[in-house]
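The values are calculated or read from the model by the stated rules, or taken from the named source; none is laboratory data. Computed from a prediction, not measured in an experiment: that's the story for all the values here. Neighbour counts run over all protein chains shown; Cβ positions are idealised from the backbone, glycine included.
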Amino acid sequence: MSAQFPAAVLFDMDGTIIDSEPYWMIAESELVEEFGATWSAEQAYALVGSGLWDSAALLQQAGVDMPADDIVQRLSQRVLDQVAAAVPWRPGVRELFRELLDADIPCALVTMSLRMNAEALAHAVAREMGQPVFRAIVTGDDVSEPKPNPEAYLKGALALGVAIGDCVALEDSSYGAASAFSAGAVTIGIPLHVEIARDYAHELWDSLEGRGLESLAETWRSHRRETTP
């Protein structure tokens, strides 16, 4: 691939490829209410982009009397069921996938969701595009430290065999953007349900609609580091 283009694009999943955050909020609220407690929108938004086991700990504090692993499994399955019923695509993402496939630029999915959710989404993307899009998947199952730790994005670049500084990362939350930014990727924040701190992204976009490969490449050329950390 020409040096005019990034070597790879690393995609967050929830809120970036699909608007699944409302699905997570429904799952959280249902679970908390099972235990006779309440779950506010403020509490739900505070979890956007965080690791699932961190979220489980906060749900336990809210009154969910279940082991953390069971909470994670329950939430993940509920979201998986909702996505299977209706895939809530984000604007512009499928058009960008097509351009990246046509240009043969490798992509990785880097998410704190469980592998079963990530693989289900990867299959849905492949069906939509008529071929697989992601050459690597890194999930919450694969890391010792969740986002905002840079581990997930470093693993994503490693799995693709490219330098992290030659990658563009797309994220919708401060947790995720901080992870990608600190790893060394050129980071584009696309906030949806929560704001992204300006210090955690090289650029902030309203959405991917009308933002194709050339927009990604221009951003990468503008912000890439001369040497990879």
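Here GLY92, GLY63, GLY51 are screened, and the one residue that is on the phi > 0 side of the Ramachandran plot and buried (at least 16 other Cβ atoms within 10 Å of the Cβ) is GLY92. Every test in (1) on the phi > 0 side of the Ramachandran plot; (2) under 13 Å from the mean Cα position of the chain (by Cα); (3) of a type outside the set (Val, Ile, Thr) is passed by ALA122 save one, and that test is (1). Here ARG225 meets each of (1) more than 22 Å from ALA46 (Cα to Cα); (2) part of a loop (DSSP other than H, G, I, E, B); (3) touching a strand residue (DSSP E or B) at 6+ places or on another chain (Cβ under 8 Å) with one exception, condition (3). Comparison of GLN43, GLN73 shows that the only residue that is in contact with a helix residue (DSSP H, G or I) (Cβ under 8 Å, 6 or more places away or on another chain), surrounded by fewer than 21 Cβ atoms within 10 Å (Cβ to Cβ) and outside any loop (DSSP other than H, G, I, E, B) is GLN43.
Collect the residues in the range 98-119 that are assigned to a loop (DSSP other than H, G, I, E, B) and within 14 Å of the chain's Cα centre (by Cα), keeping them in residue-number order. Within the range 98-119, THR111, MET112, SER113, LEU114 meet the criteria. Entry remark, the range 202-216: residues being buried (at least 21 other Cβ atoms within 10 Å of the Cβ) and farther than 19 Å from ASP19 by Cβ number 1 in total.
Checking each residue in the range 100-114 for being surrounded by fewer than 23 Cβ atoms within 10 Å (Cβ to Cβ) and at pLDDT below 95 picks out only LEU114.
To keep it simple, each residue is scored yes or no on (1) of a type in the set (D, E, K, R); (2) over 30 Å from SER222 (Cβ atoms); (3) touching an Asp or Glu at 6+ places or on another chain (Cβ under 7 Å).
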| site | (1), (2), (3) |
| --- | --- |
| PHE11 | no, no, no |
| ALA27 | no, yes, no |
| VAL32 | no, yes, no |
| GLU42 | yes, yes, no |
| ASP81 | yes, yes, no |
| VAL87 | no, yes, no |
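Of the strands (runs of 3 or more DSSP E) that lie entirely inside the range 129-195, those containing 1 or more residues that are touching a Cys at 6+ places or on another chain (Cβ under 8 Å) and surrounded by 20 or more Cβ atoms within 10 Å (Cβ to Cβ) span 134-138, 186-189. Of all residue pairs spaced 6 or more apart or on separate chains, those with beta-carbon atoms under 7 Å, a first member in the range 1-28 that is crowded, with 22+ Cβ neighbours inside 10 Å and a second member that is assigned to a loop (DSSP other than H, G, I, E, B) and of a type in the set (S, T, N, Q) are ASP12/THR111; MET13/THR111; MET13/SER113; ASP14/SER20; ASP14/THR111; ASP14/SER113; GLY15/SER173.
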